[in-house]
Amino acid sequence: MKAAILVEQKKPLVIADINLPEKLEYGQVLVRVVSSGICGSQIGEIEGVKGPDRFLPHLLGHEGGGIVEKIGTGVTKVKPGDHVVMHWRKGVGIDSATPQYKWGKTTVNAGWVTTFNELSVISENRLTPIPKDIDFETAALLGCAVTTGFGVVNNDAKLKIGESVAVFGVGSVGMNIIQGASLVSAYPIIAIDLYDHKLNEAKKYGATHVINASKEDVGAEIEKIVGSQGVDVAIDNTGNPKVIELAYEATSNSGRTVLVGVLDKKSKISIYTLPLHFEKELVGSHGGGSFPTADIPNYLKIIKNAKAKIKEMITHRFTLNDINLALSDIKNGNIGKCVIDISR
């Protein structure tokens, strides 16, 4: 089967045919991947944001939609023929051993879920079954972009009706944070990014104000909108130290700053910490604290009732053979949310 393999950090993925493990272990599920999203985490892995990678070569991808082909012993949550969301956050089910694939004589490592491969051995607790009338592209976005974005709003930011929020970085997670903020009636909802095309999209999902950080003084513009006290909640999706500092400064002394983007291991931030001894909060998000088993069915309800727009976020589609082009375009800010059609 075809797969995109991370062989060396800071290099393009290698597209190659690899072999599945000889058998499914306890709690493992074989899934035919139909559609996969690309998350900023994959770019972080390729670029070595967290440092040297000890598991090379290995497979990537953690949000996808597919069809169950086979199940290993002990699996009860899904059955062959089920349509599923593939997600990196744990849900209900067995936390299985991670698989190893073969590329000639070379072992290719993998985590509990990978989606940049045509067939994937996945841990039962990284799968959530969905109705068959849900398309696989929507399923892919439910694997991370939606569950993380909405989870940040509900679990990390604990955003309330009428609270102000500034969202720094409006990629797919940021866009869903904006949409989630709109769903809970936050106001104002301020989107900050470097690209006008992303800011224009953000308006469609609930942003009431937009700031282009490449053209405007972000701090001054936020102050014009909410006053000198700052926003109730600031959310950083960039992992850029200067942006994190700016988000923290823009947060009121009784507000919350939420870090979704991952800071490069070599970088540091400088902040004035005294407000943290009182009411101000600085928290890191881990996938929005989402619980896919419960969250995905809940989000499907609002999608089916047109309360949330998900598939409309997709701006570009690529094949697995073109995944390096997709990664480059995302990294350079040229496109919004893209999906990889693994079945083509």
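The values are calculated or read from the model by the stated rules, or taken from the named source; none is laboratory data. Just so you know, these numbers come straight off a predicted model, no measurement behind them. In this analysis, Cβ positions are derived from the backbone assuming ideal geometry, glycine residues included, and neighbour counts consider all displayed protein chains. For accessibility, only protein heavy atoms count, side chains too; no ligands or nucleic acids. Shrake-Rupley method; radii C 1.70, N 1.55, O 1.52, S 1.80 Å.
A few notes on this one:
- Angle in degrees between helix 172-183 and the longest Cα principal axis of the chain, rounded to the nearest 10: 60
- Dipole magnitude of the stretch 11-139, debye to nearest 20 (Cβ charges: Lys/Arg +1, Asp/Glu -1, about Cα centre): 320
- Spatial offset of the stretch 226-272 relative to the stretch 17-60 amounts to 31 Å, using the alpha carbon center of each.
- All other residues whose Cβ lies under 15 angstrom from that of residue 240 are scored, Lys and Arg at +1 and Asp and Glu at -1, for a net of -1.
- Mean Cβ count within 10 Å, highest first, over the residues of peptides 147-158, 281-292, 249-260, 194-205: 147-158, 249-260, 281-292, 194-205
- Accessible surface of the chain, 1.4 Å probe, proportion on carbon and sulfur as whole %: 52
- Helix content alone sets the calculated 222 nm mean residue ellipticity of the chain: runs of n ≥ 4 DSSP H residues at -39500 (n - 2.57) each, divided across all residues, give -7000 deg cm²/dmol.
- Only Cα pairs under 8 Å and 6+ residues apart enter the sum, and on that basis the relative contact order of the stretch 137-234 stands at 27 percent.
- Residue-wise HN-Hα coupling along the stretch 306-319, computed from phi with Karplus coefficients 6.51, -1.76, 1.60 (Hz; x: Gly, Pro): 6, 8, 9, 10, 10, 4, 4, 6, 6, 9, 9, 10, 9, 8
- Within-12-Å neighbourhood charge of residue 196 [Cβ basis; K, R +1; D, E -1]: 0
- Pairwise centroid distance, computed over Cα atoms, of the stretch 287-344 with the stretch 159-202, Å: 17
- Accessible area of the chain divided out per residue, in Å², using a probe of 1.4 angstrom: 44
- Cα long-axis angle, helix 292-304 against the chain (0 to 90 degrees, to the nearest 10): 70
- Placing R0 at 56 angstrom, the Cβ-Cβ distance between residue 76 and residue 316 gives a FRET efficiency of 0.90 after rounding to 0.05.
- Cα gyration tensor of the chain - equivalent ellipsoid semi-axes, whole Å, descending: 35, 21, 18
- Amide H partners (placed H, <5 Å) of residue 9, local residues excluded: none
- Theoretical FRET efficiency, 1/(1+(r/R0)^6), r = Cβ-Cβ of residue 14 and residue 307, R0 51 Å, to 0.05: 0.75
- Full-stretch length increase - residue 194, residue 281 - with 0.36 nm per residue and alpha-carbon distance subtracted: 28.7 nm
- Projected label distance in nm at residue 328 and residue 56, using a 7 Å step from Cα toward the beta-carbon: 2.0
- The string of couplings for the stretch 103-120 from the Karplus curve (6.51, -1.76, 1.60, θ = phi - 60°) is 10, x, 8, 8, 7, 10, 7, 7, x, 6, 8, 9, 10, 8, 8, 5, 10, 9 Hz, one whole number per residue in order, with x for Gly and Pro.
- Computed magnitude of the charge dipole of the chain (debye, nearest 20; Cβ of K, R +1, Cβ of D, E -1): 600
- Spacing of the two label points (7 Å from each Cα toward its C-beta) at residue 253 and residue 1, in nm: 5.7
- Normalised by the number of residues in the chain, the average gap of Cα pairs under 8 Å and 6 or more apart makes the relative contact order 17 percent.
- Modelled this way, with points 7 Å down the Cα-to-C-beta line, the labels at residue 95 and residue 203 are 4.6 nm from one another.
- Electrostatic bookkeeping for residue 135 treats Lys and Arg as +1 and Asp and Glu as -1; over the other residues with beta carbon under 13 Å from its beta carbon, the sum is 0.
- Once the Cα atoms are used to define both axes, helix 241-250 deviates from the longest principal axis of the chain by about 50 degrees.
- FRET efficiency, 1/(1 + (r/R0)^6) with R0 30 Å, evaluated for residue 212 and residue 160 via beta carbons: 0.60
- Beta bridges from DSSP with both residues in the chain: antiparallel share about 55 percent, rounded to the nearest 5.
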